[in-house]
C-alpha cells in the first residue's frame, strides 16, 4: 500500500521533523512549536530528514520508485511485471494521473519539508554547541539541495518551498520556479553545506566531501564544465578512491574507499530494489528486467534479434558479472547488482566512480581530451578492460564523449543514472525513438498536485 501525500498533508507532514519511528501519536497531531526544542529533538529531526530518503515504508524515494524510474524511463531497463504505472514509464507514455509519479513528487517534498523545519528552528535551539549546530545545518542544506536536484532532473522547474507554510492556503499558492531559479537555489544550498558541514568519517551522513561531489554532479547538469573539474578535484582531495574490486561496492556489510554518501538499510528497514530486479526463484519478483540493449553494451557479440540472446553470453567486462545474471530456467537476464531480494544492502547516492566520470566529461567538453581519457580509463581498468589510447581507440572529442557515456552506462547501471544522462545530453528522443512525443523527456506535474493548488501549477508542455 502506498502512502499518499498532498499539499495539505505536506503542511502537516513532519512538523516534528523527526524519524517516524520516534513519534507515537499520528504525525499531524504533533504541535509545530514543540517539534524541535532542544539538542535531542534537533538531532532526532536531522535523523528524520535522512529517513525521508530511505522511505522504506512506501518504497517511493531511494528505496524504490524514484531509483527505479530513473532507469525504467530509459533503454537499460524494461518492465517485466504487473504495475501499470511502471508500464507507462517503460513506454514513455506517462500521464499526469500516474500514481507513482505523484508518489515520487510527494515524497521528495516530504523530504524538503523535514529539512525546511530544521533550517528554520536550529539557529534558535538551546543546548547545541556552535560547531554541532553548524554541522547539522550544513547537512540539512545538503539534503535540500539533493532533493531539489532530484526534482528538477525529472520535472524541470518546481515550486521552491523553502519555509514551512503557515496554512494549507499559503502552501497552495506557491507557484513553479523556473529551471534557472531552481538551480540557483540548489547552488546556494550547496554553498551553505560546504561552509557549515564539519568533517566526519560516516558516509551515511553528509560530509563536506559529499557536498563537493554532489556539486560536481549539479554543475555537470548545468554544463559548467570548469566548475565540474574544480568540484571533482575538491571531492577527490578528501581521499576517495576507486575500490579495487567492483563487487565489493554492493555487499550488505562493510564499506570501501569509494563510498561518498550512502543510505543504510537493514532487513527490518529494507529497500525494494533487489526484490524488483531479481528473477523469481532468485529472491525477487522480476518486476524489472535488463534490456537486451544493455546486455549487448556489456557484450557486443550478443544478438538482440535472437530470442535466446543470452546463450553464450560471455562479457569481458568484470562489471557484468555483478550487474547481470542469467535465469537458467528461462535463459533470460535479470539485474543482480543487488545481491538478494532482502533489501539490506546500503545504497549509494554518490560514489567516487561517478565523480571521476563527471570530471572526464567536463574535460572532454573543454577539449582536454588527454585528461578526459585518463579519467575514464580508471573505471575501464578496474573493470578488467584495456585502457583507451588517445589517437588510436578514440580520436575526436565526440569519440571521447561517446566513450565516457558508455562508461557511465556500464559503471552505473541500475543505479538511477541512465534516464537523467540521456535527457541532459539531448539524446533521449533519438535513443528511445520518441520523436512523436518529445515532451516525455520531462515528467508531468502530478494532476493531483495541480488540483489542490490555486492557481493550478503550470503543467509541462505536451501533457
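The values are calculated or read from the model by the stated rules, or taken from the named source; none is laboratory data. Fair warning: this is a prediction, and the values are worked out from it, not measured in the lab. When we count neighbours, we look across all protein chains shown, and the Cβ atoms used for this are built from the backbone with ideal geometry, even at glycine.
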Residue by residue through the range 248-271, note down the ones that are in contact (Cβ under 8 Å) with a residue 60 or more places away in the chain and part of a helix (DSSP H, G or I). 249, 250
Would you call residue 90 over 17 Å from the mean Cα position of the chain (by Cα) and touching a residue at least 12 places away in the same chain (Cβ under 8 Å)? yes
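Okay, residues lined up against (1) touching a strand residue (DSSP E or B) at 6+ places or on another chain (Cβ under 9 Å); (2) over 30 Å from residue 182 (Cβ atoms):
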{"position": "226", "(1), (2)": "no, no"}
{"position": "247", "(1), (2)": "no, yes"}
{"position": "255", "(1), (2)": "yes, yes"}
{"position": "264", "(1), (2)": "yes, no"}
Identify, from the list 452, 389, the residue that is more than 26 Å from the chain's Cα centre (by Cα), modelled with pLDDT under 95 and outside the structural domain of residue 170 (by TED's automatic domain parsing). 452
Residue 283 meets each of (1) surrounded by 13 or more Cβ atoms within 10 Å (Cβ to Cβ); (2) part of a loop (DSSP other than H, G, I, E, B); (3) on the phi < 0 side of the Ramachandran plot; (4) in contact (Cβ under 8 Å) with a residue 12 or more places away in the chain with one exception, condition (3)
Of all the residues that make up the range 156-179, how many are in a loop (DSSP other than H, G, I, E, B), more than 21 Å from residue 142 (Cα to Cα) and at pLDDT 95 or above? 0
Name the helices (runs of 4 or more DSSP H) wholly inside the range 353-456 in which the number of residues that are farther than 30 Å from residue 174 by Cβ is 1 or more. 369-382, 397-411, 418-424, 428-432
